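What follows is a short report on a single structure.
The values are calculated or read from the model by the stated rules, or taken from the named source; none is laboratory data. The structure displayed is predicted, hence computed values, not measured ones. No Cβ is skipped: glycine too gets one built from the backbone with ideal geometry, and neighbour counts run over all protein chains shown. Surface areas here come from the heavy atoms of the whole protein model, side chains and all, with no ligands, DNA or RNA. Shrake-Rupley method; radii C 1.70, N 1.55, O 1.52, S 1.80 Å.
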Amino acid sequence: MFLDELKSECDSCRRCELCESRNNIVFGVGNENADIMLIGEAPGENEDMQGQPFVGRSGKLLDEMIGEYGLSRDKNIYIANMLKCRPPKNRDPKPSEQNLCIEWLDRQIEIIDPKIIVCVGRIAAQKLIGKDFKVTKQHGEFIEIGGRLYTGTYHPAAILRNINNKPFALDDWRKIRETAERNGLDL
Ligand code: SF4
């Protein structure tokens, strides 16, 4: 299956109640052949309006940080969220919603087949790396799961709330770039 076929299937998803309030499904953007995949938690207001992940101030900051290390969503990264529809008022996704939506992400990962998965923020890291993973303590660590390298870093929205976290996130992206190069990935 190709990614655009999966997206067409996902576009009509009504598995959980979030389908009632969404304006758009936010499936993902970027290079479909990328070796690095970035995964956030769920769309916010701007994402829901535009149908794209990580837009607005958070998206701008993310693009700026990854750009420091020659990475971009057009060139060498694919960006998606765990949930494809926005939770009302940006509340945390419920476990039941996460469980119902994760199959879309699993199938996206299977098709894109990234070598490095970067979990952005606590919720994505705890769902995809491990329930005890603490972004504040373990950001920038790499853990091999099922033949892929997983790491966690700060969500740009968290950096906008506390700019002191920005140097830590930049250092995480430096490590991601170095790890990709060390593993001979196609950037
Ligand atoms: S959040 Fe996921 S499972 Fe729920 S309706 Fe949207 S695409 Fe379907």
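See the values below:
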item	result
Boolean, Asn31 is out of contact with any Lys or Arg (no Cβ under 8 Å at 6 or more places or on another chain) and either at pLDDT below 95 or more than 24 Å from Leu160 (Cα to Cα) (or both)	no
Number of the condition not met by Leu83 [criteria: (1) open to solvent by 20 Å² or more (accessible area, probe 1.4 Å); (2) within 15 Å of the chain's Cα centre (by Cα); (3) within 13 Å of the ligand (Cβ to nearest atom); (4) not hydroxyl-bearing (Ser, Thr, Tyr)]	(1)
Residue among Ile116, Ile123, Ile102, Ile145 that is under 13 Å from the mean Cα position of the chain (by Cα) and more than 25 Å from Cys13 (Cβ to Cβ)	Ile116
Looking only at segment 121-159, and only at residues there that are open to solvent by 20 Å² or more (accessible area, probe 1.4 Å) and assigned to a strand (DSSP E or B), the one that is farthest from Ile176 (Cα to Cα)	Ile145
When residues of segment 8-62 are limited to those that are open to solvent by 40 Å² or more (accessible area, probe 1.4 Å) and within 30 Å of Gly184 (Cβ to Cβ), the one nearest to the ligand (Cβ to nearest atom)	Glu32
Conditions (1) more than 21 Å from Met65 (Cα to Cα); (2) touching a Ser or Thr at 6+ places or on another chain (Cβ under 7 Å): number failed by Leu100	(2)
For Thr151: the one exception among (1) over 22 Å from Glu110 (Cα atoms); (2) in contact (Cβ under 8 Å) with a residue 24 or more places away in the chain; (3) β-branched (Val, Ile, Thr)	(1)
Residues (aliphatic (A, V, I, L, M) and assigned to a loop (DSSP other than H, G, I, E, B)) located in segment 18-63	Ile25, Val26, Ala34, Ala42, Val55
Failed item, numbered, when Gln98 is tested on (1) in contact with a Lys or Arg (Cβ under 8 Å, 6 or more places away or on another chain); (2) in a loop (DSSP other than H, G, I, E, B); (3) surrounded by 13 or more Cβ atoms within 10 Å (Cβ to Cβ)	(2)
